[in-house]
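Asker: Sharing a structure with you now.
The values are calculated or read from the model by the stated rules, or taken from the named source; none is laboratory data. This is a predicted model, so every value here is computed, not measured. When we count neighbours, we look across all protein chains shown, and the Cβ atoms used for this are built from the backbone with ideal geometry, even at glycine.
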Amino acid sequence: MAQVAVQIHPIKAFSDNYIWAICPSDSNLMWVVDPGQSEPVIEFATAAEKQLAGVLVTHYHWDHTDGIAPLRAHYGELAVYGPHNTPFNGITHPLHDGDRVTIAGLDFAIIHTPGHTLDHICYLTPKLAFTGDTLFSAGCGRLFEGSPQQMWRSLQRLSQLPAQCQIYCTHEYTQANLAFAAAVEPENKDITQWQQWGEQQRAQAQPTLPTTIARELSINPFMRANLPHMLNTLPVDMQTEGSENWQRFAALRQWKDNF
């Protein structure tokens with residue numbers, strides 16, 4: 001199926017969230033991903049002369065869903081896509097692992113990516129992906145509900161995307177994540193390079209996103225946990241005897257939680 005040309009715009013929310021606006025070039029409609037607030041969406045849509053047609057939800061956390069009810073109150077009925085097994089009760093189009101759905105002219109593959117939460121899904125095309133709080137630039141979401149094995153498998157599924165696939169996650173955590181990545185791999189020059197670039201972006205109040213799968217495979221400690229050297233700098237009190245990839249991932253995640 002031919003993909004419609006779209007523009008993806010960041011709408012800032014709270015202190016470090018992005019609500020992504022998907023704007024097809026051939027219509028005045030738009031869709032948004034994970035609207036934790038309604039006001040910034042309405043403001044953006046009004047300025048861009050766009051009509052909100054629907055919402056994509058990756059998981060139920062309030063900072064991804066609290067804006068949906070007021071958006072429906074403002075715009076009327078909206079299509080709300082999201083996980084079929086979510087605690088959030090505002091989904092009109094429930095999605096399962098393996099589903100395919102066309103939204104805003106984009107043909108998305110849906111994958112279930114438990115780890116951060118048990119309901120988490122990602123929306124994938126070969127060229128762009130909305131990864132919510134599963135995959136961040138240089139990081140991944142905390143394991144509030146899922147196991148290390150689940151999150152490692154989720155990240156491995158995302159790692160199979162094309163190298164230049166653009167990754168749109170929901171938080172501006174890149175610089176903090178890179179500080180941790182540099183502690184894990186102090187000799188990794190790619191990390192140093194992206195730290196410098198990120199500092200320039202943030203100094204100009206510009207996003208550090210989207211990132212790409214290729215970049216994440218070179219800088220993201222959680223995507224690189226399969227490499228034996230990744231635990232060389234692990235604090236002594238966090239040492240693990242496990243040699244499975246998910247066990248190395250778990251050790252790195254524990255370190256990051258206390259970093």
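Asker: Does region 208-221 hold any residues that are more than 16 Å from A129 (Cβ to Cβ) and in contact with a strand residue (DSSP E or B) (Cβ under 9 Å, 6 or more places away or on another chain), and which are they?
Answerer: I219, P221
Asker: Select from region 165-215 the residues that are charged (D, E, K, R) and touching a residue at least 12 places away in the same chain (Cβ under 8 Å) and write down the one among them that is nearest to V32 (Cα to Cα).
Answerer: Initial filter on region 165-215 (charged (D, E, K, R)): 172, 185, 187, 189-190, 199, 202, 215.
Filter once more, keeping what is touching a residue at least 12 places away in the same chain (Cβ under 8 Å): 172, 185, 190, 199, 202, 215.
Numbers: E172: 17, E185: 36, D190: 32, E199: 27, R202: 23, R215: 25 Å.
Checked region 165-215; the qualifying residue nearest to V32 (Cα to Cα) is E172.
Asker: Please pick out the residue among R253, R248 that is free of Cβ contacts under 8 Å to residues at least 24 places away in the same chain, buried (at least 20 other Cβ atoms within 10 Å of the Cβ) and out of contact with any strand residue (DSSP E or B) (no Cβ under 6 Å at 6 or more places or on another chain).
Answerer: Working: R253 fails: free of Cβ contacts under 8 Å to residues at least 24 places away in the same chain.
When all the criteria are applied, what remains is R248.
Asker: Right, another one. Based on what the data block shows, is A104 buried (at least 24 other Cβ atoms within 10 Å of the Cβ) and in contact (Cβ under 8 Å) with a residue 60 or more places away in the chain?
Answerer: The answer is no for A104.
Asker: Counting only residues that are touching a Ser or Thr at 6+ places or on another chain (Cβ under 9 Å) and of a type outside the set (S, T, Y), how many does region 196-226 have?
Answerer: Let us first name the residues in region 196-226 that are touching a Ser or Thr at 6+ places or on another chain (Cβ under 9 Å), namely 197-198, 201-202, 207-211, 213, 215-217, 219-220, 223-224.
From what is left, the residues that are of a type outside the set (S, T, Y) are 197-198, 201-202, 207, 209-210, 213, 215-217, 219-220, 223-224.
The total comes to 15.
So that you can scan it fast, the table gives a plain yes or no per residue for (1) modelled with pLDDT of 95 or more; (2) over 21 Å from K12 (Cβ atoms); (3) buried (at least 23 other Cβ atoms within 10 Å of the Cβ):
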site: G36; (1), (2), (3): yes, no, no
site: I68; (1), (2), (3): yes, no, yes
site: I91; (1), (2), (3): yes, yes, no
site: P94; (1), (2), (3): yes, yes, no
site: I110; (1), (2), (3): yes, yes, no
